[in-house]
Amino acid sequence: MSYQLTDSFGRTINNLRVSVTDQCNFRCIYCMPEVGMIFQPREEILTFEEITRFVGIVTELGISKLRLTGGEPTVRKDLPVLLRMLAAVPGVQDMAMTTNGFLLKKMSRDMFEAGLPRINVSMDSLDEEKFKEMTRRDVLHKVLDGLEEATRYFQLPIKINVVAMKGYTEDELLDFAELARTGPYQVRFIEFMPLDADRSWTRDQVLDGAEIIERIGARWPLDAVKRPDQREPADLFRFRDGKGEIGLIASVSEPFCGSCNRIRITADGKLRTCLFSIDETDIKALLRGGASDGDIAETVIEAVRHKEPGHHINEPDFVQPERTMSSIGG
Ligand code: SAM
Ligand code: SF4
């Protein structure tokens, strides 16, 4: 039987999030500061060859699913070249990417042809003014154009990520539901997490998943969907009249840490076993220091053995990690 990467709580890890850059062309309020973001120098960022080597090593350990993220993955120069390299790694059974959608009009075709079958697009508002306020960029029209282009290539429905924040998201719930009911989209609401660069998160800024489902369900009744893979973080709900689905990632109000199957590698080559890890493992030092594939595999196995049981967002001892969402790779 092939190897299974397992932690000390019996969770099997088969999912790697690869951050390909910490840079971004947006400055979302829940993620980055408006000005003054400091990025890693280029030489600290893993090369395509280093990323591909690492992915080759972890697929031997049972990782079969990859998600490319960042920062904004599409701003990494020559991204389709990396996609092609990763798609060719034996053992990669599923590859997806999370993007803010700004460059999708230009890049969808190249990325698809390089071997990327699926994308998630983040879009927090359907209102131009609010979109501008949330992303600090006046480009909703470009994201919508990109999304339309993406439907020509990528697996449908395309998942749309909406960060659920009190004071922002409530009055658009029905508009997003309408989008999921009328287009080839599955809208997924993600509770706002304390990974913002401004460190201004408070629990009362989170729009809870239960409230979202209640409000949308009052307009269009919803049924919870039982999923074949219960290890996916999103709870799914189907409109009772059959017109589409919405998802809920209730990381704050209903943590799913007990079924977490993922690890992350940052753009500068640090392995993180939890979004909220305080410690990380320096894979780049091994990749650049002459370590063998076997040494690196041993290091990954050992790091996973110490994977955290879960986050402590709702507890008084919670410590926000030094790194913010964009430098971890959300
Ligand atoms: N730039 C890409 C994008 O925005 O889709 C990929 C990276 S982004 C960090 C990945 C996902 O994390 C996005 O869906 C984004 O909305 C979400 N995100 C960022 N900061 C967050 C926060 N503080 N709480 C919850 N989700 C957050
Ligand atoms: Fe950029 Fe994505 Fe963070 Fe927004 S959420 S600032 S698009 S990395």
* Return the total of residues in the range 141-164 being out of contact with any helix residue (DSSP H, G or I) (no Cβ under 7 Å at 6 or more places or on another chain), more than 19 Å from residue 28 (Cα to Cα) and of a type in the set (A, V, I, L, M, F, W, C). => 1
* Asked: Name the pairs whose Cβ atoms lie under 9 Å apart, with the first residue in the range 172-193 and over 17 Å from residue 241 (Cα atoms) and acidic (Asp, Glu), the second away from ligand 1 (no atom under 12 Å from the Cβ) and assigned to a strand (DSSP E or B), and 6 or more positions between them or separate chains?
  -> 191/248
* **Top-ranked residue in the range 188-212 [being of a type in the set (D, E, K, R) and surrounded by fewer than 20 Cβ atoms within 10 Å (Cβ to Cβ); ranked as nearest to ligand 2 (Cβ to nearest atom)]** => 198
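Table: residues versus (1) within 17 Å of the chain's Cα centre (by Cα); (2) within 12 Å of ligand 1 (Cβ to nearest atom); (3) hydrophobic (A, V, I, L, M, F, W, C).
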residue: 116; (1), (2), (3): yes, no, yes
residue: 124; (1), (2), (3): yes, yes, no
residue: 127; (1), (2), (3): no, no, no
residue: 137; (1), (2), (3): no, yes, no
residue: 142; (1), (2), (3): no, no, no
residue: 151; (1), (2), (3): no, no, no
residue: 160; (1), (2), (3): yes, yes, yes
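Mind listing just one residue for me: the one in the range 9-37 that is assigned to a loop (DSSP other than H, G, I, E, B) and hydroxyl-bearing (Ser, Thr, Tyr) and, of those, nearest to residue 54 (Cα to Cα)? Steps first, answer last, please.
In the first step, residues of the range 9-37 are kept if they are assigned to a loop (DSSP other than H, G, I, E, B); the result is 9-11, 14, 20-37.
Subset that is hydroxyl-bearing (Ser, Thr, Tyr): 21, 30.
Numbers: 21: 16, 30: 30 Å.
Going through the qualifying residues, I end up with 21.
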* To do: Kindly indicate the residue of the range 1-24 that is touching a Lys or Arg at 6+ places or on another chain (Cβ under 8 Å) and β-branched (Val, Ile, Thr) and also nearest to residue 297 (Cα to Cα) among those meeting that condition.
  => 13
* Criterion violated by residue 107 - all others in (1) within 16 Å of ligand 1 (Cβ to nearest atom); (2) free of Cβ contacts under 8 Å to residues at least 40 places away in the same chain; (3) assigned to a loop (DSSP other than H, G, I, E, B) satisfied -> (3)
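From 281, 266, 273, 324, which residue is under 17 Å from the mean Cα position of the chain (by Cα), within 20 Å of residue 20 (Cβ to Cβ) and more than 16 Å from ligand 1 (Cβ to nearest atom)? Walk me through it before giving the result.
On the way: 281 fails: under 17 Å from the mean Cα position of the chain (by Cα); 266 fails: more than 16 Å from ligand 1 (Cβ to nearest atom); 324 fails: more than 16 Å from ligand 1 (Cβ to nearest atom).
Matching residue, one of 281, 266, 273, 324: 273.
If we scan the range 267-277, do we find a residue that is loosely packed, with under 15 Cβ neighbours inside 10 Å and aromatic (Phe, Trp, Tyr)? Don't jump to the end; show me each part of the working.
So the first thing to find is which residues in the range 267-277 are loosely packed, with under 15 Cβ neighbours inside 10 Å, and the list is none.
No, every residue in the range 267-277 fails to be loosely packed, with under 15 Cβ neighbours inside 10 Å and aromatic (Phe, Trp, Tyr).
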* Structure fact -> If we ask which residues in the range 167-187 are surrounded by fewer than 22 Cβ atoms within 10 Å (Cβ to Cβ) and touching a helix residue (DSSP H, G or I) at 6+ places or on another chain (Cβ under 7 Å), their number turns out to be 4
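Computed from the coordinates by the stated procedures, all read-outs in this text should not be read as laboratory data. Quick caveat, the model's predicted, so the values are computed rather than measured. Neighbour counts are summed over all protein chains in view; Cβ atoms, including those assigned to glycine, are modelled from backbone coordinates with ideal geometry.
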